[in-house]
Amino acid sequence: MQRVTKTLKAALHSFAFLLSCMTAAAAADPASTGTNVFAPQSTPARSILHLSTFVMAITGIIFVVVFTLLVYSISKFRAKSANANSEPAQVYGSTQIELAWTIIPVLIVVVLFMATARVIHAMQDAPEPTNALEVTVVGHQFWWEYRYPKFGVVTANELHVPVSDPAHPTPTFLQLLSADTDHSFWIPELAGKTDLVPNHPNRMWMDPEHTGVFVGQCAQYCGTQHAKMLLRVSVDTPEDFEQWIREQHQPAVADERVTAGRRVFETTACINCHAVNGTVANGRFGPDLTHLMSRTTIAAGAALNTPENLSLWIKNPEAIKRGSLMPAMQLSQSDLEALVGYLETLR
Amino acid sequence: MSSNAITIPGVQVEGKSWLETLHEWVTTVDHKRLGILYIIYGLGFLVIGGVEALIIRVQLMHSHNDFVTPQVFNRMFTMHGTTMIFFMVMPVLFGFANYLVPLMIGARDMAFPRLNAFSFWLTAFGGLLLYFSFLGGSGLYGAGNAPDVGWWAYAPLGARAFSPGHSTDYWTLSLLVSGLGSIGTAINIIATVLCMRGPGMKLGRMPLLVWLYLVMGGMVLIAITPLSAAQIMLLVDRYLGGHFFDTQAGGSAVLWMHFFWIFGHPEVYVLVIPAFGFASEIIPVFSRKPIFGYPIMVAATVAIGFVSLSVWAHHMFTVGMNSYANSFFAITTMAVGIPTGIKIFNWIGTMWGGRIQFKVPMLFCIGFLFQFLIAGLTGIIQASVPVDWQLSLSYFVVAHFHYVIVGGILFATFAAFYYWYPKVTGRMLSENLGKWHFWLFVIGFHMTFDVMHIPGLLGMPRRIYTYEPGRGWDTLNLIVSIGAFIQAVAIVVFVWNLVISYIKGAKAGNDPWDAWTLEWSTSSPPPAYNFATVPMVGSRRPLWDLKHPEDPDSQYE
């Protein structure tokens, strides 16, 4: 008995250790809040966690019961040398017992299903309040395009949404589209994932309760660089969000000092794929660069947005994100420097 | 019994050249030889698929690792999945069906021996076609060899716009060809079970394994057909200007998903039902008791067969089906757990009150029971749709289905290897090496697949060739990778055991386990005609009746 208690204690300790490891892991990166499904910061993620806890508790109990039966029968009914030469009583079955272990699982399934159906309905059929922010998300091979139809803002890779006060929720509703293959939008701490499927618009919503940067990444295999199609959601205070929208509305900065770089940009293949508002550049295959410098990262989160990385990205994208659809631009060193200088002004 | 080998005077057995032997094996229509060919073929692909898994695990050992390029990584997981499902587990299970079903029902061969050989060679060439893509896949485009679209090849990734060259064509054709082979074998199994049973072998007296193969055969017919149809449609899209799945021209990506998963989920049960069959034969023999609740076990299997045809879209909870569809597939998925649970209880009921002998086949069966229990429960967790919105497409799912396929199916198949190897070769596998194999594999398995659940809960998606540091995934992935190598060592021990025991193993005799089904009544290995006199069967355990004439089963059934 004592041995059993000891083993149980050890098991509990290791479980507690595991949990603390997981929490520590989630807190390790100060720049972001982690991707732990056990640390919900928004209603959908929290409802899912509550349901998960319930389902895991029930399956946990089933596990303990069946596991105990299994271990008991293995240890109790092992052949001993005393009886090895005779056969045990031959039992063929029992209708009562079979009925019992049919009916109990049926009841468990009914309970689990009710709990599940309730949350499915609450999440999927949630009406969209009039004050909700609408954002259209378009998945591309290997980056994210965000459109704010109400504000006429187009940006890429870093989504900005206002924080939602639980007392007066201002949720964000995402319309999910795809330009090419399937993708999936997954910020574990804000909501479960929903796929972006071409010709099949989807919808999801979230109402983040805290400001900060929430991370995640594309969860549906979409091609070579599926791994570096990272997601960053910046949850801003309402004031910061309005300020951000105002800045995004500004036309692109036209700085006299970087005319040379601008000429490089507008006379090479850059403009086939990239757009800068108010210039001839209106390509839509790549991220909108009008306010490139307002973003922390480039290449869908694959690198920090520094002049060095920008320069490397233009010169040799393979060094940062092998297999991305950005071509190496083959510019002379002076053109490259001028171009990076121009991009640096796109605030 | 009267069915030992008979010597035919004047037949020269000695002195065949290797060319004659090879010719005999290639042209054979004997169900036992075809069974062995299937199994050896599957074992070869186990090693190849295993090497691919190791490449994946080395790449993921730590964040931003640079062992292979993303292109190679994507090919590796595509080839690993396709290989293991279609060219490892399926052939091995078909091999056991071929070998055991006629022996267990008192038949001299399968119903259609030539169809049997044809099906095997279709499957065999299917696998070679897939691997030929490494040489021929890039075509004239230099587009890279070997398919890299994932084993589901979700549309529109398989379209020519996203998958130039011929790698996807090799994938499509190989599944089409081997799928036809599977359909042939399934027809053969069904016809054999229904028409070839020996005297007294009523349906209700068949060994459970035979019953389960009958259900499996029916499911193969239903499941492989839509897959083959989808592959043909994909070929039409790629070369004849069709737009079934071509989303750029208004085709439907979701249609492909439905086609794929209405194959894909029954397929899981196609694979696991024979594994249930192995456990249902082996656990009673080593517990020295008949299977508990035989009729319920049959009914539960048939129930699983039917219900599992209506669960496929639980792979698609994140695709954006409406709430009613999601609820429907949630309840069907949970419901399939009921007959599965009944089976687990019946296996425990079989052991209960028995005298359990812990020989290697039984060890693997106990591993199977324990791991399949966990796999089933994590399956129930993911059947809860909103929970799946978090867990789907993450490493939690990867851990879950490897628990099913490795922890469940592969463990039961290893048990089958240790149990029937003496019948097939006439020699016992080494118990000692078997225990090394078992314990190494158990340790490696749990290191890999227990730990693998956690990165999924921490937000790690599947099919990524690398990941960002600082997410808390590094240490966990390292443990997972080390476990994978321990499993590889265990497989080496297993293969070594297969080889060395063939040469040096103890002679098995007809019935080394003191078992009860018909295959143990004939010599090991059985002669080409299986039984000199086809035995008369009076109960579910004909050999028990023979060994215990004072208390035969036929009194109770």
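Rule-based calculations on the coordinates, nothing more; no lab input. This structure is a prediction, so every number in the text was calculated from the model and none was measured. Here the Cβ is made from the backbone with ideal geometry for all residues, glycine too, and neighbour counts use every protein chain on show.
Maximal additional length on extending the A:T268-A:H50 stretch stands at 73.1 nm, based on 0.36 nm per residue less the C-alpha distance. Couplings 3J(HN,Hα) for the stretch B:282-299, derived from phi with the Karplus relation 6.51 cos²θ - 1.76 cosθ + 1.60 (θ = phi - 60°), are 7, 4, x, 4, 8, 9, 6, 9, x, 4, 6, x, 3, x, 5, 4, 5, 4 Hz, where x marks Gly and Pro.
Sorted by packing (mean other beta-carbon atoms within 10 Å per residue), highest first, where do B:107-119, A:127-139 land? Please report the intermediate quantities before stating the final value.
Details: B:107-119: 19.7, A:127-139: 15.5.
The most tightly packed comes first, giving B:107-119, A:127-139.
Modelled this way, with points 7 Å down the Cα-to-C-beta line, the labels at A:E247 and B:S17 are 8.4 nm from one another.
Order of B:204-211, A:144-151 by packing, highest average Cβ count within 10 Å first?
Numbers: B:204-211: 22.4, A:144-151: 17.1.
Highest mean packing first, the order is B:204-211, A:144-151.
With everything on Cα atoms, drop me the angle between helix B:113-136 and the longest principal axis of chain B, reported from 0 to 90° to the nearest 10. It is inclined by approximately 30 degrees.
Taking the helices alone, chain A has a mean residue ellipticity at 222 nm of -13000 deg cm²/dmol, built from -39,500 (n - 2.57) per DSSP H run of at least 4 residues and averaged over all its residues. Modelled label positions at B:V58 and B:A532, each set 7 Å beyond Cα in the direction of Cβ, lie 5.5 nm from each other. Database remark: amide H of A:L176 closer than 5 angstrom to the amide H of A:V137, A:N202, A:R203, A:M204 (H placed geometrically; neighbours at sequence offset of 5 or more, or on other chains; Pro and chain starts carry no H). A Gaussian network model of chain A, with springs between Cα atoms under 10 Å, assigns the largest mean-square fluctuation among A:M326, A:M56, A:M206 to A:M56. Here the Karplus curve 6.51 cos²θ - 1.76 cosθ + 1.60, taken at θ = phi - 60°, turns the phi angles of the stretch A:148-162 into couplings of 10, x, 5, 9, x, 9, 10, 9, 9, 6, 10, 8, 10, 9, x Hz, with x standing for Gly and Pro. Backbone amide hydrogens, once placed in the peptide plane, bring A:G323 within less than 5 Å of nothing, excluding anything fewer than 5 places away on its chain. A Gaussian network model of chain A, with springs between Cα atoms under 10 Å, assigns the largest mean-square fluctuation among A:F54, A:F214, A:F185 to A:F54.
Between A:E134 and A:T345, residue separation times 0.36 nm minus the direct Cα-Cα distance comes to 73.1 nm.
Taking Cβ atoms as reference points and 15 Å as the exclusive limit, the residues near B:H80 contribute a net charge of +2, counting Lys and Arg as +1 and Asp and Glu as -1.
Extending 7 Å from the Cα toward the beta-carbon at both B:I482 and B:V51 defines two label points whose distance is 2.6 nm.
Couplings 3J(HN,Hα) of the stretch B:65-70, computed from phi: 6, 10, 5, 10, 6, x Hz, in residue order, whole Hz [Karplus 6.51 cos²θ - 1.76 cosθ + 1.60, θ = phi - 60°; x for Gly and Pro]. Taken residue by residue and averaged, Cβ atoms of other chains lying within 10 Å of the Cβ of A:186-198 number 6.
Around the amide H of A:S184, modelled in the peptide plane, lie the amide H atoms of A:L196, A:A219, A:Q220, all under 5 Å away and 5 or more residues distant in sequence or on another chain. Peptide B:59-72 shows a mean partner chain C-beta count of 1 within 10 Å per residue C-beta. Which of A:T297, A:T102, A:T306 moves the most in a Gaussian network model of chain A with Cα springs under 10 Å? Result for chain A, Cα springs under 10 Å: A:T102 fluctuates most. This ranking places B:H31, A:H249, B:H315 by how few other beta-carbon atoms lie within 10 Å of each, fewest first, which gives A:H249, B:H315, B:H31.
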